[in-house]
Amino acid sequence: MELDKILLELIGMAKSIKIPVSDRIIPHVFLNSRRKTILGSCERIKSGEYKIILSSVVLEGGEDEVRAVIAHEILHSCRGCANHGKLWQKYAARLGEVIGCEIKRTALSESAQKLREAAPYILRCQSCGQEIRRFRKSAVVKHPERYRCACGGKLILL
């Protein structure tokens with residue numbers, strides 16, 4: 001799979017429908033085999049250029065997933081789209097229509113599911129039963145009694 005070719009194609013498609021992606025995106029997709037918690041990122045580096053980085057796990061999901069993740073990251077290069085706010089969502093819906101896939105704020109793909117299941121620490125809400133997975137032994141993992149679920153329930157470490 002030619003990631004750089006996909007990147008350039010998606011940038012061109014975004015520009016063709018007047019989505020103001022940056023002209024300063026480095027025309028190369030960087031792979032990171034160590035990333036376990038996120039599938040992709042768009043980082044602005046010191047030179048003012050944008051660097052698109054994918055977790056190598058994304059490649060297991062096939063070309064459609066790769067295209068969706070790269071498109072997602074390209075949109076972060078637009079002014080006002082560093083987060084997943086309304087402007088980013090508007091651009092994601094427009095570009096998704098053109099490329100024929102849904103560009104999501106969070107990935108629910110098979111690759112993302114594999115990453116999620118690999119997390120060594122699992123917390124569960126005693127009220128709603130929601131599971132929260134963590135890769136690092138963070139404060140919430142060390143002291144779940146100090147934290148609450150979004151529903152307000154107490155967390156326990158499994």
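One residue alone among ARG44, ARG105 is among the basic types (Lys, Arg) and more than 14 Å from the chain's Cα centre (by Cα), and that residue is ARG44. Scanning the range 75-102 for residues that are touching a Cys at 6+ places or on another chain (Cβ under 8 Å) and part of a helix (DSSP H, G or I) yields LEU75, LEU87, TRP88, TYR91.
In this structure, does GLY61 turn out to be of a type outside the set (Val, Ile, Thr) and surrounded by fewer than 19 Cβ atoms within 10 Å (Cβ to Cβ)? Reasoning before the result, please.
Values: of a type outside the set (Val, Ile, Thr): yes; surrounded by fewer than 19 Cβ atoms within 10 Å (Cβ to Cβ): no.
No.
When LEU115 is tested against (1) modelled with pLDDT of 90 or more; (2) buried (at least 17 other Cβ atoms within 10 Å of the Cβ); (3) in contact with a helix residue (DSSP H, G or I) (Cβ under 8 Å, 6 or more places away or on another chain), exactly one condition is not met: (1). With respect to the conditions (1) under 11 Å from the mean Cα position of the chain (by Cα); (2) of a type in the set (A, V, I, L, M); (3) modelled with pLDDT under 90; (4) under 17 Å from MET1 (Cα atoms), ILE53 lacks only one, and its number is (3).
Condition check ((1) assigned by TED's automatic domain parsing to the domain that holds ILE11; (2) touching a His at 6+ places or on another chain (Cβ under 6 Å); (3) modelled with pLDDT under 95; (4) not polar (S, T, N, Q)) across all residues:
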{"site": "GLY40", "(1), (2), (3), (4)": "yes, no, yes, yes"}
{"site": "VAL57", "(1), (2), (3), (4)": "yes, no, yes, yes"}
{"site": "LEU87", "(1), (2), (3), (4)": "yes, no, no, yes"}
{"site": "SER138", "(1), (2), (3), (4)": "no, no, yes, no"}
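Scanning the range 116-154 for residues that are under 20 Å from VAL57 (Cβ atoms), in a loop (DSSP other than H, G, I, E, B) and not hydrophobic (A, V, I, L, M, F, W, C) yields PRO120, ARG136. Here the condition is being more than 25 Å from SER138 (Cβ to Cβ) and part of a strand (DSSP E or B); of HIS28, HIS72, it holds for HIS28 alone. Checking each residue in the range 4-25 for being closer than 17 Å to GLY96 by Cβ and assigned to a loop (DSSP other than H, G, I, E, B) picks out ILE17, LYS18, ILE19, PRO20, VAL21.
Name the residue, out of ALA68, ALA93, ALA82, that is small (Gly, Ala, Ser), surrounded by fewer than 18 Cβ atoms within 10 Å (Cβ to Cβ) and under 30 Å from ILE122 (Cα atoms).
Just a single option satisfies the conditions, and that option is ALA82.
Just wondering, is there one or more residues in the range 66-76 that are in the same structural domain as HIS28 (by TED's automatic domain parsing), modelled with pLDDT of 95 or more and over 15 Å from the mean Cα position of the chain (by Cα)? Checked against the condition, which is being in the same structural domain as HIS28 (by TED's automatic domain parsing), modelled with pLDDT of 95 or more and over 15 Å from the mean Cα position of the chain (by Cα), the range 66-76 yields no hits at all. Taking the range 56-103, which residues are of a type in the set (Lys, Arg) and closer than 15 Å to ASP4 by Cα? If the condition is that a residue be of a type in the set (Lys, Arg) and closer than 15 Å to ASP4 by Cα, then ARG67 is the only one that fits.
Taking the condition closer than 20 Å to ASP4 by Cβ and at pLDDT 90 or above, does ILE156 pass? Before you say what the answer is, go through the steps one by one.
On the way: closer than 20 Å to ASP4 by Cβ: no; at pLDDT 90 or above: yes.
For ILE156, the condition - closer than 20 Å to ASP4 by Cβ and at pLDDT 90 or above - is not met.
The values are calculated or read from the model by the stated rules, or taken from the named source; none is laboratory data. The structure displayed is predicted, hence computed values, not measured ones. Cβ: placed from backbone, ideal geometry, glycine included. Neighbour counts: every protein chain shown.
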